[in-house]
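A.B. asks: Mind having a look at this structure? Questions to follow.
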Amino acid sequence: MLKVKDMREHLWVNPHHTWEDHGKRRDLSDIKFIVLHHTGNEINDVKIVNEIEVKNTKRHPLGLPGIRFHYFVNEYGDVYQCNDLEDITWHSGLADKKSLAVALVGDYDKKVPDKRNLKVLEGLFNKLTMDLGLAKESVKGHGELKFYLNFTSCPGKKLLPFVKKYRDEGKMV
């Protein structure tokens with residue numbers, strides 16, 4: 001059974017702005033995609049990742065309002081909810097308004113995901129597609145959203161085949 005720890009009240013937020021500063025919240029019916037990302041690093045602590053995201057000043061001089069991901073899965077298979085699904089976070093460019101973000105810790109251009117984490121992702125995708133009334137085809141890798149100007153290898157060339165398998169077969173392993 002999938003266990004999700006709710007971190008929404010426990011993560012530090014940027015005092016300078018919120019997600020709502022850049023657009024109103026959305027209705028759940030506006031969500032058309034579930035977008036899988038990899039973090040590209042091995043930082044497993046959601047609070048540390050959140051702090052790094054908030055203080056990111058390369059592309060956002062005031063930092064991000066909070067962690068970009070709606071769900072964060074660490075290497076141990078722990079799942080954390082980080083944002084309300086109605087929040088439009090900045091994770092997939094022009095697809096932000098119609099997608100929610102799931103991140104798996106690791107760099108999956110370099111390593112193969114382990115079966116435990118694939119089973120956790122499968123459970124999370126099953127829950128989200130059911131709760132939101134979405135088809136399995138709505139689950140995408142970040143880089144698959146080229147129509148929305150996402151030109152990246154994310155979630156990694158060694159994780160993407162499992163996303164495609166989920167869409168085709170409803171399972172990742």
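The values are calculated or read from the model by the stated rules, or taken from the named source; none is laboratory data. All figures in this text were calculated on a predicted structure; none of them were measured in a lab. In this analysis, Cβ positions are derived from the backbone assuming ideal geometry, glycine residues included, and neighbour counts consider all displayed protein chains.
A.B. asks: Would you pick out the residues in segment 30-71 that are free of Cβ contacts under 8 Å to residues at least 60 places away in the same chain and either within 20 Å of residue 140 (Cα to Cα) or hydrophobic (A, V, I, L, M, F, W, C) (or both)?
C.D. replies: Narrowing segment 30-71 to residues free of Cβ contacts under 8 Å to residues at least 60 places away in the same chain: 45-70.
Within segment 30-71, 46, 48, 49, 52, 54, 62, 64, 67, 68, 69, 70 qualify.
A.B. asks: Let me ask something else about it. Which pairs do you get when a residue that is touching a residue at least 40 places away in the same chain (Cβ under 8 Å), found in segment 135-160, comes within reach of a residue that is of a type in the set (Phe, Trp, Tyr), reach meaning Cβ atoms under 7 angstrom, with the pair 6+ apart or on two chains?
C.D. replies: 138/33; 139/125; 139/166; 140/33; 155/108; 156/108; 158/108; 159/108
A.B. asks: Here's a follow-up. When you go through (1) modelled with pLDDT of 95 or more; (2) among the aromatic types (Phe, Trp, Tyr); (3) surrounded by fewer than 18 Cβ atoms within 10 Å (Cβ to Cβ) one by one for residue 125, which number turns out not to apply?
C.D. replies: For residue 125, the failing item is (3).
A.B. asks: Answer with yes or no whether residue 21 is farther than 18 Å from residue 105 by Cα and among the charged types (D, E, K, R). Give the derivation first.
C.D. replies: Values: farther than 18 Å from residue 105 by Cα: yes; among the charged types (D, E, K, R): yes.
Yes; evaluated as a whole, the condition is true for this residue.
A.B. asks: So, in segment 6-51, exactly how many residues are basic (Lys, Arg) and either exposed (fewer than 12 other Cβ atoms within 10 Å of the Cβ) or touching a Pro at 6+ places or on another chain (Cβ under 9 Å) (or both)?
C.D. replies: Keep residues of segment 6-51 that are basic (Lys, Arg), which gives 8, 24-26, 32, 47.
With either exposed (fewer than 12 other Cβ atoms within 10 Å of the Cβ) or touching a Pro at 6+ places or on another chain (Cβ under 9 Å) (or both) added as a condition, the list becomes 24.
Counting residues in segment 6-51 that are basic (Lys, Arg) and either exposed (fewer than 12 other Cβ atoms within 10 Å of the Cβ) or touching a Pro at 6+ places or on another chain (Cβ under 9 Å) (or both) gives 1.
A.B. asks: Could you identify the single residue in 78, 131 that is modelled with pLDDT of 95 or more and closer than 16 Å to residue 29 by Cα?
C.D. replies: Values: 78 fails: closer than 16 Å to residue 29 by Cα.
Checking each option against the conditions leaves just 131.
A.B. asks: Which one of these does residue 166 not meet: (1) crowded, with 19+ Cβ neighbours inside 10 Å; (2) farther than 25 Å from residue 30 by Cα; (3) more than 15 Å from the chain's Cα centre (by Cα)?
C.D. replies: (2)
A.B. asks: Do we find that residue 109 is surrounded by fewer than 17 Cβ atoms within 10 Å (Cβ to Cβ), over 11 Å from the mean Cα position of the chain (by Cα) and free of Cβ contacts under 8 Å to residues at least 40 places away in the same chain in this structure? Please lay out each step first, then the result.
C.D. replies: On the way: surrounded by fewer than 17 Cβ atoms within 10 Å (Cβ to Cβ): yes; over 11 Å from the mean Cα position of the chain (by Cα): yes; free of Cβ contacts under 8 Å to residues at least 40 places away in the same chain: no.
Criteria not met by residue 109.
A.B. asks: Mind counting the residues in segment 30-46 that are out of contact with any Lys or Arg (no Cβ under 8 Å at 6 or more places or on another chain) and hydrophobic (A, V, I, L, M, F, W, C)?
C.D. replies: The qualifying residues number 2.
A.B. asks: One residue is enough: does segment 133-144 have a residue meeting the conditions farther than 24 Å from residue 41 by Cβ, surrounded by 14 or more Cβ atoms within 10 Å (Cβ to Cβ) and not hydroxyl-bearing (Ser, Thr, Tyr)? Walk me through it before giving the result.
C.D. replies: Here is the first cut: in segment 133-144, the residues farther than 24 Å from residue 41 by Cβ are 133-138.
If we keep only those that are surrounded by 14 or more Cβ atoms within 10 Å (Cβ to Cβ) as well, we get 134, 136, 138.
Those left that are additionally not hydroxyl-bearing (Ser, Thr, Tyr): 134, 136.
For segment 133-144, residues farther than 24 Å from residue 41 by Cβ, surrounded by 14 or more Cβ atoms within 10 Å (Cβ to Cβ) and not hydroxyl-bearing (Ser, Thr, Tyr): present.
A.B. asks: Looking for whichever is in a loop (DSSP other than H, G, I, E, B) and either out of contact with any strand residue (DSSP E or B) (no Cβ under 9 Å at 6 or more places or on another chain) or at pLDDT 95 or above (or both) here; the options are 51, 9. Which one fits?
C.D. replies: Details: 51 fails: in a loop (DSSP other than H, G, I, E, B).
Of 51, 9, the one residue that is in a loop (DSSP other than H, G, I, E, B) and either out of contact with any strand residue (DSSP E or B) (no Cβ under 9 Å at 6 or more places or on another chain) or at pLDDT 95 or above (or both) is 9.
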